[in-house]
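The values are calculated or read from the model by the stated rules, or taken from the named source; none is laboratory data. Just so it is clear, the model here is predicted, and its values are computed rather than measured. Here the Cβ is made from the backbone with ideal geometry for all residues, glycine too, and neighbour counts use every protein chain on show. With ligands, DNA and RNA removed, areas are computed over all heavy atoms of the protein, side chains included. Shrake-Rupley method; radii C 1.70, N 1.55, O 1.52, S 1.80 Å.
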Amino acid sequence: MWHFLFPTGSTPGEPDEMFAEQHASLTAAGHTASLCPDSVLAGVKPLRGVPPGSTVVYRGWMATADEYAALVRAIEQAGAVPLASLREYLTAHHLPNWYPLLAEFTPETRVFP
């Protein structure tokens, strides 16, 4: 079972406005979805509303390595599995990791420490 996770918006109990239409469409199609407050990404609160045994798709804003690691821990503590592991997330979303894989298709980029 797929479960979709969205960032919490400014209205308590509602998804972030940028993701509200996706949230509504997915739940109308019969998928489960829940909200992920910033406190979960900070590693200070557990994740709620995730069905055990589900595969969780995070549909939120970019996260730092530490935030995504906290999210993966929270998903696993809820008895579910993240669609993208920490390694996969960092490979796909953090430029120093993905650039060598796509260098021939993108403008030259230099990364400095």
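Relative contact order of the chain: 24 percent, from C-alpha pairs under 8 Å at least 6 residues apart in sequence. Tally up the carbon and sulfur contribution to the accessible surface of the chain as a whole percent, 1.4 Å probe, everything protein left in place. Of all accessible area on the chain, carbon and sulfur atoms account for 57 percent. In this structure, the amide hydrogen of GLU14, modeled 1.01 Å from its nitrogen in the peptide plane, lies closer than 5 angstrom to those of GLY9, counting only residues at least 5 positions away or on a different chain.
Listed values for the range 94-101 are Karplus-derived 3J(HN,Hα) couplings in whole Hz (6.51 cos²θ - 1.76 cosθ + 1.60, θ = phi - 60°), namely 10, 3, x, 8, 8, 4, x, 6, and x replaces Gly and Pro.
Amide hydrogen proximity for THR32: with H placed 1.01 Å from N in the peptide plane, the residues at 5 or more positions away or on another chain lying under 5 Å are PHE4.
Around the Cα centre of the chain, unit charges on the Cβ atoms of Lys, Arg, Asp and Glu (plus for the first two, minus for the last two) sum to a dipole of about 300 debye. Overall shape of the range 45-95 was characterised from the C-alpha gyration tensor. The equivalent ellipsoid obtained from it has semi-axes of 19, 11, 9 Å, in decreasing order. Each part gets one Cα centre, and for the range 66-113 versus the range 19-44 those centres are 20 Å apart. Sequentially through the range 62-69, phi angles give Karplus couplings (6.51, -1.76, 1.60; θ = phi - 60°) of 4, 10, 6, 4, 5, 5, 5, 4 Hz, Gly and Pro residues having no value and appearing as x. Which shape class applies to the range 3-82: rounded if a/c is under 1.5, otherwise prolate when a/b exceeds b/c and oblate if not, where a ≥ b ≥ c are the square roots of the Cα gyration tensor eigenvalues? Since a/c reaches 1.5 but b/c is at least a/b, the shape of the range 3-82 is classed as oblate.
Each Lys or Arg adds one and each Asp or Glu subtracts one; over the other residues with Cβ under 13 Å from the Cβ of ARG73, this totals -2. Surface analysis of the chain yields an accessible area of 64 Å² per residue, using protein heavy atoms and a 1.4 Å probe.
What does the net charge come to around LEU95 if you take all other residues with beta carbon closer than 15 Å to its beta carbon, with K and R at +1 and D and E at -1? Around LEU95, the surrounding residues sum to 0. Rounded to the nearest 5, what % of DSSP beta bridges with both residues in the chain are antiparallel? For the chain, the DSSP antiparallel bridge percentage is about 10. Label-to-label distance for SER85 and GLN22 is 2.3 nm, based on points extended 7 Å past Cα in the beta-carbon direction.
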